[in-house]
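Novice: One structure coming up, written as structure tokens, with questions to follow.
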Ligand SMILES: Cc1cc2nc3c(=O)[nH]c(=O)nc-3n(C[C@H](O)[C@H](O)[C@H](O)COP(=O)(O)O)c2cc1C
């Protein structure tokens with residue numbers, strides 16, 4: 001695994017998977033190039049010589065938009081299929097033994113330090129990414145670092161972050177997110193919340209910041225455990241919070257209670273493909289120190305209208321987590337879990353070996369409760385038999401189309417949490433702050449009580465297929 005963002009970019013460059021772009025403008029041009037390339041599942045992009053900014057002040061985007069890039073970034077064996085990666089990650093993270101970060105005195109992030117009046121968040125060529133964005137979002141592929149005031153553990157989470165003025169940022173963390181809970185604890189004591197934000201860093205810690213680890217599990221310690229070496233950190237001058245020593249750009253400061261300061265944030269082109277949450281007040285960060293490397297690289301991961309992927313092509317953040325959580329309930333028979341749809345967050349599929357009546361419904365309702373964490377997340381839950389590959393949506397739809405009588409197979413249950421980003425909320429629901437959605441449960445397993453009498457699948461046996469493939473080898477090479 002790489003020590004910093006630059007190591008990953010060099011690996012992509014060596015493999016001719018990185019395109020350098022010179023002279024594109026921060027004002028919509030970089031965002032639109034990113035959108036067009038992302039839609040085509042094109043190469044990683046490194047923008048330089050951005051008009052109005054020193055050469056060397058760069059922006060990297062589209063770094064995780066293919067399965068191969070994701071595997072390189074996170075150190076997976078490149079020959080692994082999606083289900084192998086998910087199973088490996090689920091099993092590995094189960095063995096988690098915290099490896100705390102190592103504090104060092106110096107690191108590249110300290111190459112430039114600006115404090116107090118010198119702080120200027122417009123120093124970097126932060127793009128206006130989408131046409132109707134309400135401002136320049138420096139935080140798209142960022143990490144917000146906060147410490148729980150009561151329990152003392154340190155969280156990393158990814159939340160969008162807009163620049164308001166030279167020294168003020170806002171960050172939108174939705175209800176229930178760890179930074180939201182932590183900052184509210186400080187505010188309840190009448191204190192500002194200390195925050196560090198990194199805008200460009202090594203990919204393992206970044207990836208973990210986008211995955212909902214259990215409350216109390218620090219992404220720093222998980223990154224150390226997974227890579228086998230502690231994350232090197234320097235201590236923030238104002239907050240004492242750990243700052244990854246190889247980060248590219250870091251803002252450090254305090255988030256006051258919203259009653260003291262809150263700014264209008266948004267709209268922003270969101271992961272659902274819309275500007276749904278509009279413009280509203282969000283908590284701010286008053287920046288006291290700005291740290292950055294020489295020739296800093298801002299990492300951008302702005303959403304693009306689906307189906308282009310904002311998150312991981314192989315859905316570690318949803319499928320591996322859901323699989324793990326389902327297993328932890330002690331339930332038996334689960335063969336595989338995958339999550340499809342926008343952001344790989346919306347359509348959960350669980351394949352299982354049915355062992356008793358009601359098994360599929362039990363698994364589905366647990367999955368519906370466990371796959372959550374934002375608008376639309378886990379809105380559709382599909383259970384399939386063990387012969388269906390949950391990562392193959394065509395196969396899943398074959399099961400839905402052929403094994404279900406909709407009159408019995410589909411259940412709609414109202415009242416689950418969604419968020420203001422949910423495009424399907426009516427204006428009246430928004431007005432009432434009624435942030436709930438129904439979830440749809442589709443039981444595409446054969447009915448348990450006659451599963452031994454279902455029609456045979458029309459496909460040659462494995463033995464016959466192997467024999468024919470051996471005999472007619474030439475026919476099958478290259479297809
Ligand atoms: C590129 C990207 C942007 C994201 N933006 C937000 C956001 O603006 N607000 C939010 O609450 N979650 C956002 N998320 C999801 C959170 O990062 C994710 O839920 C994470 O688990 C939050 O960390 P936590 O569990 O420690 O709170 C984003 C994820 C990605 C990959």
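Novice: What ranking of 475, 366 emerges when the number of other C-beta atoms within 10 Å of each C-beta is taken as an exposure proxy, fewest first?
Specialist: 475, 366
Novice: If I stretch the segment between residue 394 and residue 14 completely, what's the gain in nm (0.36 nm per residue apart, minus their alpha carbon distance), one decimal?
Specialist: Values: separation 380, 0.36 × 380 = 136.80 nm, distance 3.50 nm.
Using 0.36 nm per residue and subtracting the Cα-Cα distance, I get 133.3 nm.
Novice: So, one more: Taking 0.36 nm per residue of separation and subtracting the Cα-Cα distance, what length does fully extending residue 453 through residue 215 add?
Specialist: 81.1 nm is the gain from fully extending residue 453 to residue 215.
Novice: Something else about it: Relative contact order for region 316-453: what percent, with Cα pairs under 8 Å and sequence separation of 6 or more?
Specialist: 25
Novice: Determine the gain in length on full extension of the stretch residue 461-residue 280; use 0.36 nm per residue of separation and subtract their C-alpha separation, reporting nm with one decimal.
Specialist: Full-extension gain reported as 59.2 nm.
Novice: Most exposed first by the Cβ proxy, i.e. fewest other Cβ within 10 Å, how do 461, 212, 391 rank?
Specialist: So the ranking, lowest neighbour count to highest, is 461, 212, 391.
Novice: What share of the DSSP beta bridges in the chain is antiparallel, in percent to the nearest 5?
Specialist: Around 70 percent antiparallel, to the nearest 5.
Novice: Next question, about the same structure. In region 316-453, what percentage of the DSSP-assigned beta bridges are antiparallel, given to the nearest 5?
Specialist: 55
Novice: While we're on this one: What value, in deg cm²/dmol to 500, does the helix sum -39500 (n - 2.57) over DSSP H runs of n ≥ 4 give at 222 nm once divided by the residues of the chain?
Specialist: -7000 deg cm²/dmol
Novice: To the nearest Å, what is the center-to-center distance of region 295-366 and region 415-479, using C-alpha atoms only?
Specialist: About 12 Å separates the Cα centre of region 295-366 from the one of region 415-479.
Novice: In whole angstrom, note down how far apart the Cα centers of region 121-184 and region 198-225 are.
Specialist: 15
Novice: With a ≥ b ≥ c taken as the square roots of the eigenvalues of the C-alpha gyration tensor of region 5-300, please select rounded if a/c is under 1.5 and otherwise prolate if a/b is larger than b/c or oblate if it is not?
Specialist: rounded
Novice: Then there is this: Before anything else, pin down the relative contact order of the chain: Cα pairs under 8 Å, at least 6 apart, normalised by residue count, whole percent.
Specialist: 15
Throughout, read-outs are computed from the coordinates displayed, never taken from laboratory work. A quick note: this is a predicted structure, and the numbers were derived from the prediction, not measured. Reconstructed Cβ throughout: ideal geometry from the backbone, glycine too, with neighbour counts over all protein chains shown.
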